[in-house]
Amino acid sequence: MSVVSSVLVPYTSYLRIYEPLAAFAEPERSHWARYAQRGELPTAQDELRRSLADLASTPPVGVPARESGDAFVAELDGVVCVCPWRTRLRGWLALEELGGMFPANVLDAVLPAVVRGQAAADHERWQRLHPDARPWIRSTVWQVPVRWFVLFHDEEREYAAADGEGAGPVLRYRTPMVEARRRLARALRTLRGHVPEGPLTEGLVDVGRWLEEFHPRSLVELDYGGLVHALPAERLAGDRSAADVTEGLTALRDGDGEGAGEAYARLAERWRAVRDLQFTN
């Protein structure tokens, strides 16, 4: 779990990659095979609680001393796939982003400078030994980036309302890696053919490079995570953001600038309202 996510819990969304066991070399492959057969596996909330416990300790632990041996598990066409947490690596990467997000006095209150300095030194030493390491999970707070929706279609949307017994709500999308890559490549062609290069295009290129790091038979998941608690039930149930992105790109591809603008306006207004919640008292 990243430090940023832990501080701003629970309003975090996630983009995850689940790789088939064949993607892992031994002995890690055997470890995940045994792990996936366990009766009860930890959840995203379990990972969250562990991160919060570390931050609440004295002194706070911004990055775990050891890498997590846990993962999320899913199946794709009968094949077991795992998404390693890699909590320590994600913590290091999040620390690199903290400097531009908080004033110095706030940052020091959250994580003292000496703790951040030690974590940065540890990361530098580790990175020299693992130059090709990458996280299986990306996260962001108070939004789902538009570029993530490009990877999915509306029919892949999975929604479950709260059941009154503490479970849910849940909103997520899942798609095979081959579909995610195909949609991203098509979206890039559309954008480059109709609009100037900008943040959305750059963001898609970055996501595309990340996807290429993983096995072609992986599963890609977008999970609204804690954002489900920031939206009223009726708005969450009616959220069709992936459909809006698809509609906008299709309109742009067909030369319908007005239709593309309307789809984008719906999407922008929906997520502007969510981001504004972080400033409410």
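Please give the helix 87-98 orientation as an angle from the longest Cα principal axis of the chain, in degrees from 0 to 90, rounded to the nearest 10.
With both axes taken from Cα atoms, the answer is about 70 degrees.
May I ask you to compute the full-extension gain from Glu258 to Phe279, defined as 0.36 nm times their residue separation minus their alpha-carbon distance, rounded to one decimal in nm?
Working: separation 21, 0.36 × 21 = 7.56 nm, distance 3.20 nm.
So the chain would gain 4.4 nm between Glu258 and Phe279.
How large is the helix-only mean residue ellipticity at 222 nm for the chain, computed as the sum of -39500 (n - 2.57) over DSSP H runs with n ≥ 4, divided by its residue count, in deg cm²/dmol to the nearest 500? Before the final figure, lay out the partial values.
Numbers: 12 runs with 136 residues, N = 281.
Calculated at 222 nm, the ellipticity per residue is -15000 deg cm²/dmol.
Leaving out ligands and nucleic acids, and using a 1.4 Å probe, what accessible area per residue does the chain come to in Å²?
Working: 14450 Å² over 281 residues.
That works out to 51 Å² per residue.
Measure off, as a whole percent, the carbon and sulfur share of the 1.4 Å-probe accessible area of the chain, all protein chains present.
It is 52 percent, rounded to a whole number.
Can you find, among Leu41, Phe214, Leu227, the residue farthest towards the positive end of the dipole of segment 12-278? Put +1 on the C-beta of Lys and Arg, -1 on that of Asp and Glu.
Of the listed residues, the answer is Phe214.
FRET efficiency for Val195 and Arg272, Cβ-Cβ distance as r, R0 = 22 Å, nearest 0.05?
Numbers: r = 20 Å, r/R0 = 0.91.
Using R0 = 22 Å, I get an efficiency of 0.65.
Could you state the angle between the C-alpha long axis of helix 199-211 and the longest principal axis of the C-alpha atoms of the chain, as a value from 0 to 90 degrees rounded to the nearest 10?
60
Subtracting the Cα-Cα distance from 0.36 nm times the residue separation, let me have the gained length for Arg29 to Asp108 in nm, one decimal. Can you show the working numbers first?
Working: separation 79, 0.36 × 79 = 28.44 nm, distance 3.99 nm.
So the chain would gain 24.4 nm between Arg29 and Asp108.
What is the helix-to-structure angle for 241-253, meaning the angle in degrees between its Cα long axis and the longest Cα principal axis of the chain, kept from 0 to 90 and rounded to the nearest 10?
Helix 241-253 and the main axis of the chain meet at about 50 degrees.
Just how far, in whole angstrom, is segment 223-281 from segment 79-109 if you go by their alpha carbon centroids?
Spelled out, the Cα-based centre of one part sits 26 Å from the other.
Counting Lys and Arg as +1 and Asp and Glu as -1, each charge on the Cβ, what is the dipole of the chain about the Cα centre in debye, to the nearest 20?
560
Using 1/(1 + (r/R0)^6) with R0 = 22 angstrom and r between the beta carbons of Glu234 and His153, what's the FRET efficiency to the nearest 0.05? Intermediate values should be presented prior to the final figure.
Numbers: r = 23 Å, r/R0 = 1.04.
Computed FRET efficiency for Glu234 and His153: 0.45.
Grab the other residues whose beta carbon is less than 13 angstrom from that of Tyr159, score K and R as +1, D and E as -1, and report the net. Mind dumping the intermediate values first?
Numbers: positive: Arg157, Arg172, Arg174, Arg235, Arg240; negative: Asp154, Glu155, Glu156, Glu158, Asp163, Asp223, Glu234, Asp239.
Result for the local shell: -3.
The values are calculated or read from the model by the stated rules, or taken from the named source; none is laboratory data. This structure is a prediction, so every number in the text was calculated from the model and none was measured. Neighbour counts are summed over all protein chains in view; Cβ atoms, including those assigned to glycine, are modelled from backbone coordinates with ideal geometry. When the accessible area is computed, the model is the full protein with side chains, heavy atoms only, and any ligands, DNA or RNA have been set aside. Shrake-Rupley method; radii C 1.70, N 1.55, O 1.52, S 1.80 Å.
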